[in-house]
Amino acid sequence: MKILVTGGAGYIGSHTLIELYAAGHTAIVVDNLYNSSKESLRRVAKIVGVDEIPFYELDIRDRAGLESVFAAHHFDCCIHFAGLKAVGESVEKPLEYYENNMNGTFVLLDVMRNHGCKNIIFSSSATVYGDPVEIPITENCPKGKCTNPYGQTKSMLEEVLKDVQKADPEWNVVLLRYFNPIGAHCSGTIGENPNGIPNNLMPYITQVAVGKRKELGVFGNDYDTPDGTGVRDYIHVVDLANAHVCALRAIAQKCGLGIYNIGTGHGYSVLDVVNAFVKVNGVEVPYVIKPRRPGDIATCYCNPAKAKAELGWEAKYGIEDMCRDSWNWQKNNPDGYQ
Ligand code: NAD
Ligand code: UD1
């Protein structure tokens, strides 16, 4: 299939490109490089053994620009990663987040429809469950209240996409609810490259391990969890990338609307992750216990059975693989793509 990959220069997009190539698909990237660099695409090209990844430096809100990309290519499907994703920043800049994520998707969907491309895979998030009413979380779990504008955009865009598919059943829409992606490609040449102080756990751990930050702050040890620290469903980014290839098969079979949890089904606490990282990599990760982070929940992990049954997808990598590959990327690239 010929796939438009919005946000393809970013963390998950770059890993997905590799799996798309491996599965024999053609991918064309549109990215405004707001949170990424062309270097990731150069490295992906090297990994997959091509001269370059076809790329348009373009904001998806630029309707005329996007129209010209669709005029030049007949796309079978779009994998839509492009969006802003920093939770804290979204609280400070709600308008920018709503504008980019909502309007970007509206323009994209309209241009897709104008060009007869009615297949889309959307990057959603476990955040749509809010504080989940059941653990492990199945797709039948009701959506919850999101505590921040970032999460709201994911939840609202899911509803927009459902309505689009309902109004016109020619659309095939797959909503992938990612749990906590970490890890990196085994080459150690591409990975997560956060700007400034990392918000998320694994990039913070790797920056402590490489000596860029003094110690990890563990946000709360008084949750109702086995060791008191927050429990999450960490998933290797390569497994996550593969879920998109499986979703493409469902789209080819005209799946209509599909909603899937993409996680391993295992919950690990903050201290489990720190301990696994230290054990696997033989490096120190000093930490201090800090107060809870506002908006955090105690436990979040999924039941991924639906993705296995309907997409034929399941995670292959475990927490030790994730810790090894995150470190391999960080130690080889202490300053990311710079
Ligand atoms: P990322 O920031 O690395 O990648 C997103 C890419 O989109 C970036 O390259 C950015 O430059 C680009 N982009 C943003 N706005 C754009 C616009 N208007 N036009 C064109 N390009 C634009 O993030 P990621 O971690 O790879 O996440 C990919 C998607 O998955 C995002 O939608 C994110 O919200 C979602 N998601 C991520 C996580 C996670 O933990 N990383 C979890 C759940 C969902
Ligand atoms: C966060 C977002 C979520 C988003 C996801 C991926 C919040 C409240 N949630 O999820 O909406 O979809 O990132 O971008 O921000 N932790 C520490 N110290 C740190 C960092 C994290 O102890 O320096 C803890 C957290 O309290 C949590 C766990 O590590 O228990 C995972 O945190 P994080 O990686 O930020 O992911 P989520 O909070 O699950």
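The values are calculated or read from the model by the stated rules, or taken from the named source; none is laboratory data. Because the structure is a prediction, the values reported are computed rather than measured. When we count neighbours, we look across all protein chains shown, and the Cβ atoms used for this are built from the backbone with ideal geometry, even at glycine.
For (1) closer than 14 Å to residue 60 by Cβ; (2) within 19 Å of the chain's Cα centre (by Cα); (3) touching a residue at least 12 places away in the same chain (Cβ under 8 Å); (4) within 13 Å of ligand 1 (Cβ to nearest atom), each residue gets a yes or a no:
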site	(1), (2), (3), (4)
94	no, no, yes, no
97	no, yes, yes, yes
101	yes, yes, yes, yes
104	yes, yes, yes, yes
118	no, no, yes, no
123	yes, yes, yes, yes
127	no, yes, yes, yes
132	no, no, yes, no
Here the residues within the stretch 161-184 that are buried (at least 22 other Cβ atoms within 10 Å of the Cβ) and farther than 30 Å from residue 113 by Cα are 181, 182, 183, 184
Neighbours by Cβ (under 9 Å, 6+ apart or cross-chain): first from the stretch 156-179, closer than 16 Å to residue 243 by Cβ; second of a type in the set (S, T, N, Q) and away from ligand 1 (no atom under 15 Å from the Cβ) = 172/119; 172/165; 172/253; 173/119; 173/165; 174/119
Unique match (being closer than 25 Å to residue 78 by Cβ, of a type outside the set (A, V, I, L, M, F, W, C) and either in contact (Cβ under 8 Å) with a residue 24 or more places away in the chain or touching a helix residue (DSSP H, G or I) at 6+ places or on another chain (Cβ under 9 Å) (or both)) among 310, 320 | 310
So residue 122 fits all but one of (1) out of contact with any His (no Cβ under 6 Å at 6 or more places or on another chain); (2) on the phi < 0 side of the Ramachandran plot; (3) of a type outside the set (Lys, Arg); what number is the exception?
-> (1)
Quick check: is even one residue across the stretch 105-115 crowded, with 17+ Cβ neighbours inside 10 Å and farther than 25 Å from residue 169 by Cα?
-> no
Out of all the residues in the stretch 216-237, is one or more crowded, with 23+ Cβ neighbours inside 10 Å, within 16 Å of ligand 1 (Cβ to nearest atom), within 16 Å of residue 286 (Cα to Cα) and β-branched (Val, Ile, Thr)?
-> no
Applying the selection to the stretch 59-92, what residues are within 10 Å of ligand 1 (Cβ to nearest atom) and acidic (Asp, Glu)?
-> 59, 62
Looking only at residues in the stretch 38-86 that are β-branched (Val, Ile, Thr) and in contact with a Leu (Cβ under 6 Å, 6 or more places away or on another chain), which one is surrounded by the fewest Cβ atoms within 10 Å (Cβ to Cβ)?
-> 53
Among the residues of the stretch 253-268, is any surrounded by 16 or more Cβ atoms within 10 Å (Cβ to Cβ) and of a type in the set (S, T, N, Q)?
-> yes
Keeping to the stretch 269-294, report how many residues are surrounded by 13 or more Cβ atoms within 10 Å (Cβ to Cβ) and either without any contact (Cβ under 8 Å) to a residue 40 or more places away in the chain or in a helix (DSSP H, G or I) (or both).
-> 11
What number of residues in the stretch 199-215 are within 21 Å of residue 280 (Cβ to Cβ), away from ligand 1 (no atom under 11 Å from the Cβ) and not aromatic (Phe, Trp, Tyr)?
-> 10
Checked pairs for the stretch 5-33, first modelled with pLDDT under 95, second basic (Lys, Arg), C-beta under 6 Å and 6 or more apart or across chains, list as none
Apart from one, (1) assigned to a loop (DSSP other than H, G, I, E, B); (2) touching a Gly at 6+ places or on another chain (Cβ under 8 Å) all hold for residue 140; the odd one out is (2)
